[in-house]
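The values are calculated or read from the model by the stated rules, or taken from the named source; none is laboratory data. Quick caveat: nothing in here was measured; it's all calculated off a predicted structure. Note: ideal-geometry Cβ built from the backbone for every residue, glycine included; neighbour counts use all protein chains shown. For accessibility, only protein heavy atoms count, side chains too; no ligands or nucleic acids. Shrake-Rupley method; radii C 1.70, N 1.55, O 1.52, S 1.80 Å.
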Amino acid sequence: MKIGIIGYGNVGGTLGRRWAEIGHDVTFGVRDKTSPKVTELLNKITTTANATDIDSAMEQSDIIVLATPWDAVKDILSKNDFITNKIIIDCTNPLSNTNGLTIGTTSSGGEKVSMWADGAKVVKAFNSTGSKNMDNPKYGDDKAVMFVCGEDKEAKDITIKLIEELGFDSVDAGGIIASRWLEPLAMLWINLAYKQGMGQNIAFKLMKR
Ligand SMILES: NC(=O)c1ccc[n+]([C@@H]2O[C@H](COP(=O)([O-])OP(=O)(O)OC[C@H]3O[C@@H](n4cnc5c(N)ncnc54)[C@H](OP(=O)(O)O)[C@@H]3O)[C@@H](O)[C@H]2O)c1
(Lines give C-alpha, C1' and ligand atoms only; values in the text may rest on other atoms or scores of the structure.)
Protein backbone atom coordinates (compact mmCIF):
# COMPACT_ATOMS: atom_id res chain seq x y z
CA MET A 1 0.00 0.00 0.00
CA LYS A 2 1.14 3.58 -0.55
CA ILE A 3 1.26 5.06 2.93
CA GLY A 4 2.03 8.72 3.66
CA ILE A 5 3.07 9.40 7.23
CA ILE A 6 2.69 12.96 8.51
CA GLY A 7 4.77 13.34 11.69
CA TYR A 8 7.82 11.10 11.91
CA GLY A 9 8.38 11.09 15.69
CA ASN A 10 7.65 8.33 18.21
CA VAL A 11 4.43 7.19 16.51
CA GLY A 12 4.91 8.10 12.84
CA GLY A 13 8.57 7.06 12.80
CA THR A 14 7.80 3.68 14.38
CA LEU A 15 4.76 2.87 12.23
CA GLY A 16 6.45 4.04 9.04
CA ARG A 17 9.62 2.05 9.71
CA ARG A 18 7.70 -1.12 10.52
CA TRP A 19 5.35 -0.88 7.51
CA ALA A 20 8.28 -0.11 5.20
CA GLU A 21 10.12 -3.16 6.53
CA ILE A 22 7.01 -5.30 5.88
CA GLY A 23 7.07 -4.12 2.27
CA HIS A 24 4.68 -1.16 2.08
CA ASP A 25 5.55 1.90 0.04
CA VAL A 26 6.11 4.47 2.81
CA THR A 27 6.68 8.19 2.34
CA PHE A 28 7.17 10.52 5.28
CA GLY A 29 5.69 13.99 4.83
CA VAL A 30 8.07 16.30 6.65
CA ARG A 31 8.56 20.03 7.20
CA ASP A 32 12.32 19.93 6.65
CA LYS A 33 13.80 17.21 4.44
CA THR A 34 17.32 18.26 5.44
CA SER A 35 16.72 17.67 9.15
CA PRO A 36 19.25 15.19 10.62
CA LYS A 37 16.28 13.53 12.37
CA VAL A 38 14.82 12.64 8.98
CA THR A 39 18.13 11.22 7.76
CA GLU A 40 18.54 9.25 10.98
CA LEU A 41 15.08 7.70 10.59
CA LEU A 42 15.57 6.79 6.91
CA ASN A 43 18.97 5.24 7.71
CA LYS A 44 17.43 3.15 10.47
CA ILE A 45 14.93 1.54 8.09
CA THR A 46 16.35 -1.71 6.76
CA THR A 47 14.34 -1.48 3.51
CA THR A 48 13.47 1.68 1.60
CA ALA A 49 11.30 4.64 2.56
CA ASN A 50 11.23 8.22 1.30
CA ALA A 51 10.77 11.65 2.74
CA THR A 52 9.21 14.57 0.94
CA ASP A 53 7.18 17.65 1.78
CA ILE A 54 3.82 17.16 3.46
CA ASP A 55 1.63 18.09 0.47
CA SER A 56 3.47 15.70 -1.88
CA ALA A 57 3.35 12.86 0.64
CA MET A 58 -0.40 13.33 1.02
CA GLU A 59 -0.94 13.63 -2.71
CA GLN A 60 0.94 10.47 -3.66
CA SER A 61 -0.42 8.17 -0.92
CA ASP A 62 -3.63 6.14 -0.68
CA ILE A 63 -3.46 6.11 3.09
CA ILE A 64 -2.48 9.15 5.15
CA VAL A 65 -1.38 8.60 8.72
CA LEU A 66 -1.69 11.59 11.04
CA ALA A 67 0.95 11.42 13.76
CA THR A 68 1.65 15.04 14.68
CA PRO A 69 0.82 17.02 17.79
CA TRP A 70 -2.91 17.77 17.90
CA ASP A 71 -2.38 21.50 17.34
CA ALA A 72 -0.98 20.83 13.85
CA VAL A 73 -3.82 18.64 12.58
CA LYS A 74 -6.42 21.17 11.42
CA ASP A 75 -3.91 23.06 9.34
CA ILE A 76 -2.55 19.89 7.70
CA LEU A 77 -6.07 18.84 6.75
CA SER A 78 -6.85 22.18 5.17
CA LYS A 79 -5.10 20.68 2.08
CA ASN A 80 -8.45 19.20 1.17
CA ASP A 81 -7.56 18.72 -2.48
CA PHE A 82 -5.24 15.87 -1.57
CA ILE A 83 -7.48 13.93 0.76
CA THR A 84 -10.72 13.29 -1.08
CA ASN A 85 -11.57 9.57 -1.00
CA LYS A 86 -8.33 8.73 0.82
CA ILE A 87 -8.09 6.81 4.05
CA ILE A 88 -6.86 8.93 6.94
CA ILE A 89 -5.65 7.05 9.99
CA ASP A 90 -5.82 9.45 12.91
CA CYS A 91 -3.31 8.45 15.61
CA THR A 92 -3.45 11.77 17.45
CA ASN A 93 -4.79 12.64 20.87
CA PRO A 94 -6.11 16.13 21.61
CA LEU A 95 -3.82 16.59 24.59
CA SER A 96 -3.89 19.80 26.61
CA ASN A 97 -0.92 21.49 28.27
CA THR A 98 -2.18 20.31 31.64
CA ASN A 99 -1.98 16.58 30.90
CA GLY A 100 -5.63 16.26 30.00
CA LEU A 101 -7.74 16.22 26.84
CA THR A 102 -8.86 19.46 25.22
CA ILE A 103 -12.03 17.74 24.00
CA GLY A 104 -14.32 15.78 26.28
CA THR A 105 -16.95 13.08 26.02
CA THR A 106 -19.44 15.10 23.97
CA SER A 107 -17.01 15.29 21.06
CA SER A 108 -13.54 13.99 20.22
CA GLY A 109 -10.46 14.54 18.15
CA GLY A 110 -11.56 11.74 15.81
CA GLU A 111 -14.86 13.49 15.11
CA LYS A 112 -13.13 16.83 14.56
CA VAL A 113 -10.71 15.18 12.12
CA SER A 114 -13.66 13.66 10.24
CA MET A 115 -15.25 17.09 9.98
CA TRP A 116 -12.03 18.82 8.86
CA ALA A 117 -11.17 16.03 6.41
CA ASP A 118 -14.45 16.25 4.55
CA GLY A 119 -14.46 13.73 1.68
CA ALA A 120 -11.86 11.43 3.25
CA LYS A 121 -12.49 8.16 5.09
CA VAL A 122 -11.28 8.74 8.63
CA VAL A 123 -10.31 5.89 10.92
CA LYS A 124 -9.11 6.38 14.47
CA ALA A 125 -6.37 3.95 15.47
CA PHE A 126 -2.96 3.75 17.15
CA ASN A 127 -3.94 6.46 19.66
CA SER A 128 -4.64 4.31 22.71
CA THR A 129 -1.26 2.74 23.40
CA GLY A 130 2.38 3.81 23.52
CA SER A 131 4.74 3.82 20.56
CA LYS A 132 6.90 1.09 22.13
CA ASN A 133 3.94 -1.24 21.67
CA MET A 134 3.74 -0.18 18.01
CA ASP A 135 7.34 -1.34 17.69
CA ASN A 136 6.58 -4.62 19.45
CA PRO A 137 3.01 -5.53 20.46
CA LYS A 138 3.94 -9.04 21.65
CA TYR A 139 3.82 -9.94 25.35
CA GLY A 140 4.99 -13.53 25.49
CA ASP A 141 2.25 -15.47 23.72
CA ASP A 142 -0.18 -12.54 24.09
CA LYS A 143 -0.71 -9.62 21.77
CA ALA A 144 -1.58 -6.05 22.77
CA VAL A 145 -4.97 -4.88 21.55
CA MET A 146 -5.44 -2.05 19.09
CA PHE A 147 -8.87 -0.44 19.00
CA VAL A 148 -10.10 1.09 15.79
CA CYS A 149 -13.20 3.09 14.93
CA GLY A 150 -14.62 4.87 11.91
CA GLU A 151 -17.61 5.06 9.60
CA ASP A 152 -16.25 3.49 6.41
CA LYS A 153 -16.11 -0.32 6.55
CA GLU A 154 -13.58 -0.76 3.75
CA ALA A 155 -11.25 1.86 5.27
CA LYS A 156 -11.55 0.16 8.64
CA ASP A 157 -10.85 -3.28 7.12
CA ILE A 158 -7.70 -1.96 5.42
CA THR A 159 -6.60 -0.32 8.69
CA ILE A 160 -7.26 -3.54 10.60
CA LYS A 161 -5.04 -5.41 8.14
CA LEU A 162 -2.25 -2.87 8.71
CA ILE A 163 -2.74 -3.19 12.49
CA GLU A 164 -2.58 -6.98 12.39
CA GLU A 165 0.49 -6.96 10.12
CA LEU A 166 2.29 -5.23 12.99
CA GLY A 167 1.30 -8.05 15.36
CA PHE A 168 -1.58 -6.48 17.31
CA ASP A 169 -4.98 -7.95 18.03
CA SER A 170 -7.53 -5.57 16.55
CA VAL A 171 -10.94 -4.67 17.91
CA ASP A 172 -13.49 -2.68 15.91
CA ALA A 173 -15.01 -0.27 18.45
CA GLY A 174 -17.70 1.02 16.04
CA GLY A 175 -18.29 4.37 14.38
CA ILE A 176 -16.07 7.42 14.70
CA ILE A 177 -18.07 8.47 17.80
CA ALA A 178 -16.10 5.79 19.69
CA SER A 179 -13.12 8.20 19.54
CA ARG A 180 -14.82 9.76 22.57
CA TRP A 181 -13.82 6.69 24.54
CA LEU A 182 -10.58 5.74 22.78
CA GLU A 183 -9.01 9.13 23.51
CA PRO A 184 -9.60 8.91 27.30
CA LEU A 185 -8.26 5.34 27.07
CA ALA A 186 -5.00 6.87 25.85
CA MET A 187 -5.01 9.06 28.97
CA LEU A 188 -5.37 5.95 31.13
CA TRP A 189 -2.37 4.35 29.38
CA ILE A 190 -0.33 7.56 29.83
CA ASN A 191 -1.34 7.77 33.49
CA LEU A 192 -0.37 4.16 34.18
CA ALA A 193 2.90 4.35 32.23
CA TYR A 194 4.17 7.66 33.59
CA LYS A 195 2.25 8.83 36.69
CA GLN A 196 1.84 5.38 38.21
CA GLY A 197 5.37 4.46 37.21
CA MET A 198 4.58 1.27 35.30
CA GLY A 199 6.69 2.31 32.33
CA GLN A 200 6.06 1.97 28.61
CA ASN A 201 6.08 -1.84 28.45
CA ILE A 202 2.41 -2.13 29.37
CA ALA A 203 -0.55 -2.75 27.10
CA PHE A 204 -4.29 -3.34 27.19
CA LYS A 205 -5.88 -6.63 26.17
CA LEU A 206 -9.54 -7.45 25.53
CA MET A 207 -10.66 -10.86 26.79
CA LYS A 208 -13.74 -12.66 25.42
CA ARG A 209 -15.69 -15.78 26.39
N1 LIG B 1 4.10 8.96 21.89
C2 LIG B 1 3.20 8.00 21.97
O3 LIG B 1 3.48 6.91 22.51
C4 LIG B 1 1.82 8.21 21.39
C5 LIG B 1 0.93 7.13 21.36
C6 LIG B 1 -0.32 7.27 20.78
C7 LIG B 1 -0.68 8.49 20.21
N8 LIG B 1 0.19 9.54 20.28
C9 LIG B 1 -0.23 10.80 19.62
O10 LIG B 1 0.42 10.81 18.36
C11 LIG B 1 0.81 12.13 17.99
C12 LIG B 1 2.33 12.18 17.78
O13 LIG B 1 2.98 11.85 19.00
P14 LIG B 1 4.54 11.55 19.02
O15 LIG B 1 4.86 11.13 20.40
O16 LIG B 1 4.91 10.67 17.87
O17 LIG B 1 5.12 13.01 18.77
P18 LIG B 1 6.65 13.41 18.45
O19 LIG B 1 7.56 12.30 18.72
O20 LIG B 1 6.86 14.72 19.15
O21 LIG B 1 6.61 13.67 16.87
C22 LIG B 1 5.80 14.66 16.32
C23 LIG B 1 6.10 14.76 14.84
O24 LIG B 1 5.21 15.73 14.27
C25 LIG B 1 5.98 16.66 13.50
N26 LIG B 1 5.31 17.95 13.57
C27 LIG B 1 5.20 18.77 14.64
N28 LIG B 1 4.48 19.86 14.32
C29 LIG B 1 4.14 19.73 13.01
C30 LIG B 1 3.43 20.55 12.09
N31 LIG B 1 2.89 21.73 12.46
N32 LIG B 1 3.28 20.10 10.81
C33 LIG B 1 3.82 18.92 10.43
N34 LIG B 1 4.52 18.10 11.25
C35 LIG B 1 4.68 18.51 12.53
C36 LIG B 1 7.36 16.67 14.12
O37 LIG B 1 8.30 16.99 13.13
P38 LIG B 1 9.31 18.24 13.19
O39 LIG B 1 10.69 17.62 13.27
O40 LIG B 1 9.07 18.96 11.93
O41 LIG B 1 8.96 19.03 14.43
C42 LIG B 1 7.52 15.21 14.53
O43 LIG B 1 8.00 14.43 13.47
C44 LIG B 1 0.32 13.04 19.11
O45 LIG B 1 -0.94 13.57 18.75
C46 LIG B 1 0.19 12.09 20.31
O47 LIG B 1 -0.78 12.52 21.24
C48 LIG B 1 1.44 9.42 20.84
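Scanning the range 75-95 for residues that are open to solvent by less than 30 Å² (accessible area, probe 1.4 Å), more than 14 Å from Ile64 (Cβ to Cβ) and either free of Cβ contacts under 8 Å to residues at least 40 places away in the same chain or out of contact with any Gly (no Cβ under 9 Å at 6 or more places or on another chain) (or both) turns up nothing.
Taking helices (runs of 4 or more DSSP H) that fall entirely within the range 1-117, which contain at least 3 residues that are within 10 Å of the ligand (Cβ to nearest atom) and within 15 Å of the chain's Cα centre (by Cα)? Quick ask: steps written out before the conclusion?
Values: elements: 10-22, 36-44, 54-60, 70-77, 109-116.
In the range 1-117, the matching helices (runs of 4 or more DSSP H) lie at 10-22, 70-77.
Against the definition (more than 14 Å from Asn201 (Cα to Cα), crowded, with 24+ Cβ neighbours inside 10 Å and not β-branched (Val, Ile, Thr)), how does Lys124 come out, yes or no? Yes.
You will find that of Gly167, Gly130, the residue that is touching a strand residue (DSSP E or B) at 6+ places or on another chain (Cβ under 7 Å) and either within 11 Å of the ligand (Cβ to nearest atom) or over 30 Å from Ser78 (Cα atoms) (or both) is Gly167 and no other.
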